[in-house]
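To start, the structure under review is shown below, and the notes come after it.
The values are calculated or read from the model by the stated rules, or taken from the named source; none is laboratory data. Quick caveat, the model's predicted, so the values are computed rather than measured. Cβ coordinates were reconstructed from backbone atoms using ideal geometry, including for glycine residues, and neighbour counts include every protein chain displayed. For accessibility, only protein heavy atoms count, side chains too; no ligands or nucleic acids. Shrake-Rupley method; radii C 1.70, N 1.55, O 1.52, S 1.80 Å.
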Amino acid sequence: MWPKLAVLLNIIPSEKQIMSNSICTNKYVRNLITKSLETKSWNNQPLSEDIHMRALNALKLEHLSLKFDLNKLNQLSVFDEHLLRLCLLRRFGYLMASFSQSQKSCGGFNFFEYDLKNNTFTSVQIENVNKSEKKPEPSVSKEDQRLKLMKSMAQLRLEAEISQLESTCRAEENQWSPYLVMDTSVICENLKIVQELSRSNKFLIIIPLTVIDQIDLMKKESKQAREAIKWLEIQFKNGNRFLRAQNQHEVIEKANLNLKKKDFELWRYSQIIDCCNFFQKQFTQSNQDAKQSNIVSLLTNNYERFSSEKFDNLTKLAKDNGIQILKAVEFYDAWKK
């Protein structure tokens, strides 16, 4: 295993290479990598896998060092996260080399090394080592296997929970959409309804990025917005499996910047509809037997406004794709009955 790991780590570009402008254009990511090199430890920036698995007890201690800050969760693109994962792989190599050196200083076997001058990893062959030198090696291998098994079990548990939730949503009462997308008005004006729907464990509640941005802008002047953003931050940090923010890559069409400049309100509504379309498409692709309609519902307090001529084209597009646009209070009252 160690020779293969050394080959892999030597293929991966170094942190300095990754930080070059030709590879990494995100200043925030470059600062994270620079800080990790200076402190010889990794930063507290969570990746998407940390966000999805933050509710698992098996990873609770690991996640204590991460900051699930609502304003920073969406700063990373998919490519930025890939760059950070490469740095994490190299960090694992540094850790193993340090552990190997510690074993050597205690009379054990040095199985993995890092050459700082040449910036390369090497694995020491063990075939010609005598029996007394081989004793530490099985314990290291066993520990590595245990960690790998724990990570695999955590991933399987997450997948099972998601699968169970989706099957529950599809069963019993098909009249309710498994995905509920909330607009800004509902979260601010009807937060208790959102909280009760979340606690029911019957829906996957999605908060679009544009909604989070709008609430964040409103919090200085609106008490309702401050309460909403505080509650959302707590839910994201604690790992509520039935409520999450839209990820940056979960879009179908790129943002229309011309529309954003021309009519910001219409552009924001288009982003919400695009979020709905993404989850509608994702669900139907992974569930071939699922019906095209009644998968995603957009809950709003602006139903009449979204039905006006200004928003008519987007509303019609959403309904043609099988997305329901419903009044939040009416949906809640019908569901309670």
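Suppose R0 equals 25 Å. What FRET efficiency, 1/(1 + (r/R0)^6) with r the Cβ-Cβ distance, do F92 and A58 give to the nearest 0.05? Working shown, then result.
Details: r = 18 Å, r/R0 = 0.74.
Step by step, r from the Cβ atoms, then E = 0.85.
GluC sites (Glu not before Pro), restricted to the range 181-254: which are DSSP loop and have at most 10 other Cβ atoms within 10 Å?
Working: sites: E189, E196, E221, E227, E233, E250, E253; in loops: E221, E250, E253.
Qualifying residues, ordered by number: E221.
Considering only protein heavy atoms and a probe of 1.4 Å, how much of the accessible area of the range 215-337 is carbon and sulfur, as a whole percent?
Numbers: 3570 of 7460 Å².
That share works out to 48 percent.
What's the extension gain from L317 to E250 if we count 0.36 nm per residue and subtract their Cα-Cα distance? The partial results should precede the final answer.
Details: separation 67, 0.36 × 67 = 24.12 nm, distance 1.84 nm.
Gain on stretching L317 to E250: 22.3 nm.
Quick one: if the Förster radius is 25 Å, what FRET efficiency do L217 and N238 give, using the C-beta to C-beta distance and rounding to 0.05? Can you show the working numbers first?
On the way: r = 25 Å, r/R0 = 0.98.
After rounding, the FRET efficiency stands at 0.55.
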